[in-house]
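The values are calculated or read from the model by the stated rules, or taken from the named source; none is laboratory data. This one's a predicted model, so the numbers in the text were calculated from it and none came from an experiment. Here the Cβ positions follow ideal geometry from the backbone for every residue, glycine too, while neighbour counts run over all protein chains shown. Surface areas here come from the heavy atoms of the whole protein model, side chains and all, with no ligands, DNA or RNA. Shrake-Rupley method; radii C 1.70, N 1.55, O 1.52, S 1.80 Å.
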Amino acid sequence: MFRRERSIPLRGSAAALCNNLSVLQLPARNLTHFGVVHGPSAQLLSAAPEGVSLAQRQLHAKEGAGVSPPLITQVHWCVLPFRVLLVLTSHRGIQVRTPSCLTPQSCHGALVLAAGTWSGQVLVFDIPAKGPNIVLSEELAGHQTPVTDIATESAQGQDCVVDMVTADDSGLLCVWRSGPEFTLLTCIPGFGVPCPSVQLWQGIIAAGYGNGQIRLYEATTGTLHVQINAHARAICALDLAPEMGKLLSAAEDTFVHIWKLSRSPESGYIEVEHCHGECVFDTQVCGARFCDPSGNSFAVTGYDLAEILRFSSV
């Protein structure tokens with residue numbers, strides 16, 4: 001069971017964008033950072049565990065050419081080995097920042113950042129261990145419609161293990177393996193509805209669709225294992241708590257659900273258990289994220305809602 005906690009006020013309401021909430025937890029500092037898009041600005045907040053907002057600021061994308069400021073389409077904390085980046089995307093480009101609230105650490109080897117585009121290309125950037133010299137290294141072709149979401153998981157040196165899944169506006173999923181170059185392993189066809197959100201966990205792809213369905217696939221083969229009629233309207237966000245295999249789904253039907261994923265030790269099939277359902281009354285939910293890797297707390301944003309709603313387990 002979960003209960004409603006103290007909400008965190010926003011200076012402006014959340015825009016009606018799918019996946020419009022990013023969460024970064026810093027246990028060492030006992031802080032949680034939140035990122036929410038509001039038109040041409042991204043609102044960044046840090047809050048204590050009790051929900052007390054300690055700092056709040058607004059970021060704008062670099063204007064470049066044009067008269068009006070670009071509308072931001074997503075803000076996302078990217079946690080890379082030994083480095084955390086804040087990524088802003090807009091219809092004019094990608095902006096990558098190293099947050100001043102985090103202490104940079106040195107590491108060896110290249111890091112990679114991937115971003116989807118309206119044309120269907122997935123851009124892969126090499127991120128240096130230190131410094132701002134970010135270089136475009138690959139352009140992955142697999143989608144014919146705009147890319148809606150990207151999910152990644154560390155392959156940990158194993159052979160034929162999926163690293164990344166990309167989704168698009170037609171519902172198509174492309175499954176990739178990283179290396180000196182990315183390799184397209186398989187494509188999972190769409191079925192006429194968009195896939196706004198996708199997650200990857202221990203070889204399981206969880207995809208949320210515009211018809212309210214969640215589908216769970218075997219990542220290496222693309223085999224469909226489970227189909228859940230989870231919501232009455234379009235799913236706008238999925239998230240995973242990796243330590244416990246909990247899946248969070250949020251949709252335009254005002255509901256947020258939590259599911260437990262596992263594999264049968266006998267058959268190896270994917271199994272799902274419904275753990276919790278929460279109705280956010282009179283709210284068009286547009287973002288939802290777990291606030292810890294065990295899935296004991298989560299946060300929700302809604303269109304035209306000037307606060308971040310928080311829930312924790314009891």
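Annotations for the structure displayed:
- Of all residues in region 163-190, those satisfying the criterion of being more than 12 Å from residue 124 (Cβ to Cβ) and in a loop (DSSP other than H, G, I, E, B) are 169, 170, 171, 172, 189, 190.
- Residue under evaluation residue 191, criteria (1) under 22 Å from residue 233 (Cβ atoms); (2) touching a residue at least 24 places away in the same chain (Cβ under 8 Å), criterion not met: (2)
- Hits in region 57-68 - residues which are at pLDDT below 85 and not aliphatic (A, V, I, L, M): 60, 62, 63, 64, 66, 68
- Among residues of region 182-209, those that are in contact with a Leu (Cβ under 9 Å, 6 or more places away or on another chain) and of a type in the set (Ser, Thr, Tyr), counted: 2
- Any hit, region 195-209, residues being over 16 Å from the mean Cα position of the chain (by Cα), modelled with pLDDT of 95 or more and not in a strand (DSSP E or B): no
- Pairs with Cβ under 9 Å, 6+ apart, first in region 37-59 and closer than 25 Å to residue 70 by Cα and free of Cβ contacts under 8 Å to residues at least 60 places away in the same chain, second among the basic types (Lys, Arg) and part of a strand (DSSP E or B): 43/57; 44/57; 59/97
- Taking residues in region 126-146 that are within 24 Å of residue 186 (Cα to Cα) and without any contact (Cβ under 8 Å) to a residue 40 or more places away in the chain, and partners anywhere that are open to solvent by less than 40 Å² (accessible area, probe 1.4 Å) and assigned to a loop (DSSP other than H, G, I, E, B), the pairs with Cβ atoms closer than 6 Å and at least 6 places apart or on different chains are 143/120; 144/120; 145/120.
- Residues in region 225-239 that are among the aliphatic types (A, V, I, L, M) and without any contact (Cβ under 8 Å) to a residue 24 or more places away in the chain: 232 alone.
- Region 217-239, subset outside any loop (DSSP other than H, G, I, E, B) and surrounded by 23 or more Cβ atoms within 10 Å (Cβ to Cβ), residue farthest from the chain's Cα centre (by Cα): 217
- Here residue 242 clears all of (1) over 21 Å from residue 1 (Cβ atoms); (2) without any contact (Cβ under 8 Å) to a residue 24 or more places away in the chain; (3) open to solvent by 20 Å² or more (accessible area, probe 1.4 Å) except the condition numbered (2).
- Region 260-290, residues that are open to solvent by less than 40 Å² (accessible area, probe 1.4 Å), closer than 14 Å to residue 228 by Cβ and modelled with pLDDT of 95 or more: 261, 277
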